[in-house]
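Since the structure comes first, as C-alpha cells, the remarks are kept for the end.
The values are calculated or read from the model by the stated rules, or taken from the named source; none is laboratory data. Here the structure is a predicted model, which means the values were calculated and not measured. No Cβ is skipped: glycine too gets one built from the backbone with ideal geometry, and neighbour counts run over all protein chains shown. All accessible areas refer to the heavy atoms of the entire protein, side chains included, with ligands and DNA or RNA removed. Shrake-Rupley method; radii C 1.70, N 1.55, O 1.52, S 1.80 Å.
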Amino acid sequence: MHSVVEALRAALPPHTVATDAETLERRSHDDAEWADFGLPAAVVFASSIDDVVATVRIAAAHGVAVVPRGAGTGLSGGANATPGCLVLSLERMTRIVEVDAAERYAVVEAGVLNDDLRRHVAAHGLWYPPDPASQAISTIGGNVATNAGGICCVKYGVTRDYVIGMTVVLADGSVAKLGRTTAKGVTGYDLTGLFVGSEGTLGIIVDVTVKLRPLGGREERAVVGYFRTLTDAGRAVAAVSEAGIVPSALELIDRTCLHAVAEWQGWDLPEDANALLLAKVDEPGARGEELAAAIEAHFRTAGGSRVERAVEPADIDRLFGARRLAYPALERLGPVLTEDVCVPRGAVPEMLARIEEAAADAGVVIANIAHAGDGNLHPLIIAPEGDGDAKSRAKAAFDRIVDDCRALGGTVTGEHGVGLLKLDGAAAELSPVVRGLHRSIKHALDPAGLLNPGKAFPNGD
C-alpha cells in the first residue's frame, strides 16, 4: 500500500492524496450506517479527468480496488470503502462546463450538486427535473450512479430519463465519451444507459450531459390531505392512479414522521393525523384547477379528515416542508435503516399494511415516507443506539419487507441502488440468466474486478 500511495503522490498535484486518519474515516462510508465498510489506504480528491485517469491507471498497475465517491449521501452502502482500497472522490469536480439553451442540454462535472445545476440552468430559462430529497447536498455523478429519483419523478421521470451522454474513465484508465447532444440518436448500443445506475462498478463517470426542459409553462397547485390510517392514505393513492391522474408529485408521510417533524419544528397537527398525502399538479389554467379538484375529491372519498389546497408558492413550500424534513427529523431519534422498495401503484395499500405488520411482529419502529404516486416506498426502521437485539430485529424486518415487496410484483430498489444492503434481494429478484449477463458485462469492462468490488449485483449464485 505504501508503494501505491507514493506512486499517486508522485503523479498527482499537491494536496490531492490524503492518508490522515480523520479523512480516511470520514470518506470510508456513505449515509447507510448499517452497511459494512473498511478503511481505505488513501483518499484521492480528483480535480480533473487527468487526475482520475492517473489514479485508475496506478490502481490497476498495483492491483488495488477503486471505490468512487461523490458527496457520500447514498443510502445503500454503494460508496463504502473496502479495506485497503483507494477512495476516489469527485467532490472537487464542480464545473458546469456548458449550457446550450437552444438545444436544451448541459454538460456538468460529476461533483456538481443537484441544486446548483438547477439554479444555474434556471438563469437560462431551463429546468432539470430530477429532485431527490438530498438535492441540496447530493452530486449529479452520484445521482447518475444510482439512477436517483425524487418528488416530481412520478410525472417527469428519474435521472436516467435525462442523461444523454457522459465521459467515463474505464478500468484500464482509457477514456470513453458516450452518448450524444442531439435530441435523437440510436447509433450503437445504449452504453450511456448501461452506466446509469451501475454504481461505479463499470467505470468512473467524470462528466454528464443532461437534457433540460423549459422552466416556464407550469402552474403549481398543491392538495394536502390528513388521514386517520395509513391504509386510507394508500387507498387514496390507488384511487388517484386508477382515475388516470398523473400528478407532478404525490408523497406520503406517516404518523411517526409527521410527529417527529412537528416536535422538531414546533408545528401543531390535527389530533387524528396518522398519515399525510401531499399532491401537486402543474398543468396551467382551468385544467390544473380541474385536476386539483379531482385529487381533493379522491382524498375525501378515501377518508381524508382534513384537506387543504394551495396555489401560492410560499404556501406550497410550507405544505411540502414536512416531506423534506422527514428524514433528518427521524435521524434525531436514532440510527435509521432506510428501505427503498417499489411496488405497482395499485399495491401501495397492501404494501403499507404489510410494513405495519412487519413492524409489529419485529417489535421495532418503522416510519414511512414514500413517492407514493409511483409506488416507491421508503420504510425507515429505527433502532436505539447500542441496542444489538433491536438492530437484529430491525434487520429481520428489513428483509421481510424486501420479500413482501417482491411477492407483490415489486422491485427491491426504486432509486437508492443495490449497494451492499440489497445484494440478497437483488439475488432473489434477478434470474440466474440475468445474473450471468451482469457478470459478463462486469468482466468485459473490469476484468480484474477492481472498480467498486462487491457492489450493485450479486456476484455468485
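Out of Leu430, Leu380, Leu445, one residue alone is surrounded by fewer than 24 Cβ atoms within 10 Å (Cβ to Cβ), touching a His at 6+ places or on another chain (Cβ under 8 Å) and not β-branched (Val, Ile, Thr). It is Leu430.
Among the conditions (1) over 21 Å from Gly78 (Cα atoms); (2) open to solvent by less than 60 Å² (accessible area, probe 1.4 Å); (3) under 24 Å from the mean Cα position of the chain (by Cα); (4) of a type in the set (A, V, I, L, M), the only one that Ala362 does not satisfy is (3).
Within region 222-242, track down each residue that is buried (at least 24 other Cβ atoms within 10 Å of the Cβ) and of a type in the set (Lys, Arg). Hits for region 222-242: nothing passes.
Per the conditions (1) open to solvent by less than 10 Å² (accessible area, probe 1.4 Å); (2) at pLDDT 95 or above, the sole criterion not satisfied by Gly375 is (2).
Residues of region 175-208 that are under 21 Å from Ala46 (Cβ atoms), in a loop (DSSP other than H, G, I, E, B) and free of Cβ contacts under 8 Å to residues at least 60 places away in the same chain: Val196 alone.
Taken over region 385-421, the criterion of being of a type in the set (A, V, I, L, M, F, W, C), closer than 18 Å to Gly375 by Cα and open to solvent by 20 Å² or more (accessible area, probe 1.4 Å) is satisfied by Ala407, Leu408. Among the residues of region 12-24, the ones that are surrounded by 15 or more Cβ atoms within 10 Å (Cβ to Cβ) and in a loop (DSSP other than H, G, I, E, B) come to 3 in all. Which residue out of Ala275, Ala293 is out of contact with any Gly (no Cβ under 7 Å at 6 or more places or on another chain), among the aliphatic types (A, V, I, L, M), modelled with pLDDT of 90 or more and within 15 Å of Arg221 (Cα to Cα)? Step by step, each of Ala275, Ala293 is checked, and only Ala293 is out of contact with any Gly (no Cβ under 7 Å at 6 or more places or on another chain), among the aliphatic types (A, V, I, L, M), modelled with pLDDT of 90 or more and within 15 Å of Arg221 (Cα to Cα). Scanning region 1-28 for residues that are polar (S, T, N, Q) and out of contact with any strand residue (DSSP E or B) (no Cβ under 8 Å at 6 or more places or on another chain) turns up just one, Ser3.
So which of Arg9, Arg27, Arg95, Arg104 is open to solvent by 20 Å² or more (accessible area, probe 1.4 Å), within 30 Å of His120 (Cα to Cα) and free of Cβ contacts under 8 Å to residues at least 40 places away in the same chain? Criteria check complete, one pass: Arg95. Note on region 366-390: residues that are outside any strand (DSSP E or B) and among the aliphatic types (A, V, I, L, M) amount to 3.
Restricting attention to region 404-438, the residues being farther than 26 Å from Asn452 by Cα and either touching a helix residue (DSSP H, G or I) at 6+ places or on another chain (Cβ under 8 Å) or not in a helix (DSSP H, G or I) (or both) number 6.
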